[in-house]
Amino acid sequence: MEIWNRHIECMDRDELRRMQSERLRETVERVYFHVPYYRQKMQEKGLSPENIQTIDDLVKLPFTTKNDLRDNYPFGLFAIPMSEIVRLHASSGTTGKPTVVGYSRRDIATWSEVMARTLTSAGATNDDFIHIAYGYGLFTGGLGLHYGGEKIGASVIPVSGGNTKRQLQLMHDFGSTVLACTPSYALFLAEAIEESGLKREGLRLKVGVFGAEPWTENMRKEIEDKLQIKAIDIYGLSEIIGPGVASECLFQQGLHINEDHFYPEIIDPQTLEVLPPGETGELVFTTITKEGLPLIRYRTRDLTRLHYEKCICGRTLVRMDKCLGRSDDMLIIRGVNLFPSQVESVLLEMSEIKPHYQLIIDRINNLDEVELRVEVDEEFFQDKIGQLMALRQKIQQNLESSLGLSIKITLVEPKTLERSEGKAKRVIDRRTY
Amino acid sequence: MIIHQLSVFLENKSGRLTEVLETLGQENIKITALSVADTSEFGILRLIVSDPVKAKKLLKEKSFTVNLTEVLSIITPNESRYYAKALKVLSDLEISIEYTYAFSVGEKSVIILRANNPELAIKALQDQEIELLRASELYKI
């Protein structure tokens, strides 16, 4: 079994720790002198770069949250001049404004490196055809996989999302061997293949790298059965780099974190204390090599735990469990982040309705569907069908333009939405993971 | 000559219409006319009742979205040409009709309509000696 960077991925853990300490020192110095926001936060705690000597000193540093990114929108946390930023990506934020991330040329090289490790650990080589059905664009999925695929010398097929019929044709005609997309899209493709009458023997698929949304072991089994491939879990978030933060090897014993670049901690989301190894809590990352957007103790809100024993594959990098949930209310819909508060702020801007709403998320034919049930306001109700239909369309358009998601709108009678303990129940997620 | 019609927003789910009718029935509110406009997901129930103000209050207490809407009512002999004549009076003046429904009582037809300019519509119909019903008359039918 191939390992892309044996020197790092199988490094002695003490040696790795020394490397992490040195890189943390450099990072702290960089943010202290180049990011006013971090300098201020450190000064408030009475810290200067000399106080951070080893990775053990990390706990002294303040956390960073998605809100901090929003407050410094768009480029306030960048640590290098824009002339050295060669790429921008963005994902949706908590209240409408996107979270913007910037990469230096070296960051792009780092990203390609960690993606090369990811693809190699999934068994891909330069003989493979990598079918990338993640979206290309501001979303990091498509380009992240793309650069990694090129780095290992594979033949990259940048098919992007959508147009299932063409996906199947290219997969068949080009002989795609590695499929990269969200797990729900993989299942959708599996069914499309069945319906198209294409013979499985006519396809050369052998492995899939799936991420960008939570999925269960049951889903993995279903994908592996239906597509007759090995389904590999990959993990990443744009704030840290995009895909490539962590990935499984073919033994599927947890996701190896590329901790020479992204140092993980597990904290209790309530007390914010670091938890002992093996305990479940919120995953926090410090980027220790990034130039464009270095982040200190960034709270991912993903819940998981870490395993420090060496993997059967020989890698010594720490492994994380498949994410077990979130410590906030973020939803992931077809790979797009969605906070209920975003929906609420769109509704609040419309005078015709009161923000009494409920989101119902379901998975229909393996694709996420969102329905927004919103109560009709008595003051607006004028007994005209046309007016209600126009209102529905307006809500839909406003949501689509600010969230980038198409949501089905259902108008409901007031006070019919489920309440629990006096508080409105805003989200009903019927998807099974 | 303005009639207050009760308009109720209804989700398309079973039992809602029954609940409206039961609520009104318990308080002895009589229904003269009823019509439902519907889409695939929701509908609007329109009612002419004996006491619209009280009916609105009762339904509001049951959390229905309800409003009083101003409509007109005319009474004509029971032949379609009279209905046509009344509509033509309005269309000649470019008064548009949002919706209309009708029912017959013996030899007469009672027509309910919602016009975008009710005052002008009343005047035009009266000028043509088309008989309009007062609320008090309609509620008693």
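The values are calculated or read from the model by the stated rules, or taken from the named source; none is laboratory data. Remember, predicted model here, so these are calculated numbers, not experimental data. As a convention, Cβ positions derive from the backbone with ideal geometry for all residues, glycine included, and neighbour counts pool all protein chains shown. Surface areas here come from the heavy atoms of the whole protein model, side chains and all, with no ligands, DNA or RNA. Shrake-Rupley method; radii C 1.70, N 1.55, O 1.52, S 1.80 Å.
What does the structure give for B:32-41 when I average, per residue, the other chain Cβ atoms found within 10 Å of the residue Cβ?
2
Using Cα centres only, tell me the gap between region B:1-44 and region A:149-200 in whole Å.
Each part reduced to its Cα centre gives a spacing of 53 Å.
For region B:1-31, state which residues have at least 30 Å² less accessible area in the presence of all protein chains than in their chain by itself, taking the probe as 1.4 Å and leaving out ligands, DNA and RNA.
Flagged in region B:1-31: B:F9, B:E11.
Find the Rg to Rh ratio for chain B, where Rh is the Kirkwood radius over alpha-carbon pairs and Rg uses the same atoms.
0.99
Order the peptides A:117-130, B:125-138 from the highest to the lowest mean number of other Cβ atoms within 10 Å of their residues.
Values: A:117-130: 22.1, B:125-138: 14.3.
Put in order of decreasing packing, that is A:117-130, B:125-138.
Within the set A:K45/A:K97; A:K290/A:K425; A:K66/A:K322, which residue pairs have Cα atoms separated by over 31 Å?
Details: A:K45/A:K97 29 Å; A:K290/A:K425 40 Å; A:K66/A:K322 22 Å.
Exceeds cut-off: A:K290/A:K425.
What is the interface area between chains A and B, defined as buried accessible area summed over both chains with a 1.4 Å probe, reported in Å² to the nearest 100?
1900 Å²
Lysines within cross-link reach of B:K54: Cα-Cα under 23 Å, excluding same-chain residues under 8 positions apart?
Excluding near neighbours in sequence, the set is A:K384, A:K415, B:K30, B:K62, B:K140.
Counting only protein heavy atoms and using a 1.4 Å probe, what share of the accessible area of chain A belongs to carbon plus sulfur, as a whole percent? Intermediate results must be reported in sequence, preceding the final value.
Details: 8660 of 17950 Å².
Reported share for carbon and sulfur atoms: 48 percent.
Where the centre of each part is set by its Cα atoms, how far does region A:323-372 sit from region A:273-294, in angstrom?
If we compute the Cα centre of each part, the gap is 27 Å.
I want to verify the translational diffusion coefficient of region A:13-149 in µm²/s; compute it with Stokes-Einstein, Rh as the Kirkwood radius over Cα pairs, at 10 °C and 1.306 mPa s.
Values: Rh = 17.2 Å.
Approximately 92 µm²/s, per Stokes-Einstein.
Send over the semi-axes of region A:333-429's equivalent ellipsoid, whole angstrom and largest first, taken as the square roots of 5 times the C-alpha gyration tensor eigenvalues.
On the way: eigenvalues 91, 54, 32 Å².
Taking √(5λ) for each Cα gyration eigenvalue gives 21, 16, 13 Å.
Find the eigenvalues of the gyration tensor of the Cα atoms of the protein assembly as shown, then list the square roots of 5 times those eigenvalues as equivalent ellipsoid semi-axes, largest first, in whole angstrom.
Over the Cα atoms of the protein assembly as shown, the ellipsoid semi-axes are 62, 27, 20 Å.
Counting only other chains, what is the mean number of Cβ atoms within 10 angstrom of the Cβ of each residue in peptide B:96-103?
1
Run the accessible area of chain B with a 1.4 Å probe and give the carbon-and-sulfur part as a rounded percent. Could you put the intermediate results ahead of the total?
Numbers: 3420 of 7150 Å².
C and S fraction of accessible area: 48 percent.
How much net charge surrounds A:V207 when only the other residues with a Cβ under 9 Å from the Cβ of A:V207 are counted, with Lys and Arg +1 and Asp and Glu -1? Working shown, then result.
Numbers: positive: A:K206, A:K230; negative: A:D128.
Value of the local net charge: +1.
For region B:71-140, report the convex hull volume of the alpha-carbon atoms normalised per residue, in Å³, without decimals. Please report the intermediate quantities before stating the final value.
On the way: hull volume 5.5 nm³, N = 70.
Spread over its residues, the Cα hull of region B:71-140 gives 79 Å³ apiece.
When you have a sec, figure out the Kirkwood radius of region A:194-351 from all distinct Cα pair distances and drop it here in Å to one decimal? Walk me through the numbers before you get to the answer.
Values: mean 1/r = 0.0572 Å⁻¹.
Answer for region A:194-351: a Kirkwood hydrodynamic radius of 17.5 Å.
Roughly speaking, what is the stretch gain from A:T125 to A:H34, that is 0.36 nm per residue apart minus the C-alpha to C-alpha distance, in nm to one decimal? Intermediate values should be presented prior to the final figure.
Values: separation 91, 0.36 × 91 = 32.76 nm, distance 3.93 nm.
Length difference between fully extended and current span is 28.8 nm.
Taking every DSSP beta bridge that has both residues in region A:6-328, what percent is antiparallel when rounded to the nearest 5? Show your work: numbers first, answer last.
Working: 30 of 45 bridges.
Expressed as a percentage, antiparallel bridges in region A:6-328 total about 65.
Could you calculate the contour length gain from B:K108 to B:D127, that is, 0.36 nm times the residue separation minus the distance between their Cα atoms, to one decimal place in nm? Provide the component values of the computation, followed by the final result.
Details: separation 19, 0.36 × 19 = 6.84 nm, distance 2.05 nm.
So the extension gain works out to 4.8 nm.
In 10 Å bins starting at zero, report the fraction of Cα pairs in region A:6-328 per bin as a rounded %.
6, 27, 34, 22, 9, 2, 0
Where Lys and Arg each count +1 and Asp and Glu each count -1, what net charge lies around A:I80 among other residues with Cβ under 13 Å from its Cβ? Could you put the intermediate results ahead of the total?
Details: positive: A:R30, A:R87, A:R105, A:R106, A:K290; negative: A:E84, A:D107, A:E291.
Around A:I80, the charge tally is +2.
Shielding of B:56-69 by partners, i.e. mean partner chain Cβ atoms within 10 Å per residue? Write down the numbers at each step before the final one.
Working: counts 0, 0, 0, 0, 2, 0, 2, 5, 4, 13, 3, 6, 1, 4.
Across the residues of B:56-69, the mean count of other-chain Cβ atoms within 10 Å is 3.
Sum up the charges of everything whose Cβ sits under 13 Å from the Cβ of A:R39, counting Lys and Arg as +1 and Asp and Glu as -1, but leave A:R39 out.
Working: positive: A:R30, A:K41, A:K45; negative: A:E29, A:E44.
Charge balance in the 13 Å sphere: +1.
When the Cα centres of region B:61-100 and region A:47-73 are compared, how far apart do they sit, in Å?
That distance is 70 Å.
Where in region A:147-164 is the amide nitrogen less than 20 Å from a point lying 7 Å along the Cα-to-Cβ axis of A:N365?
A:160-164, by backbone N distance to the label point.
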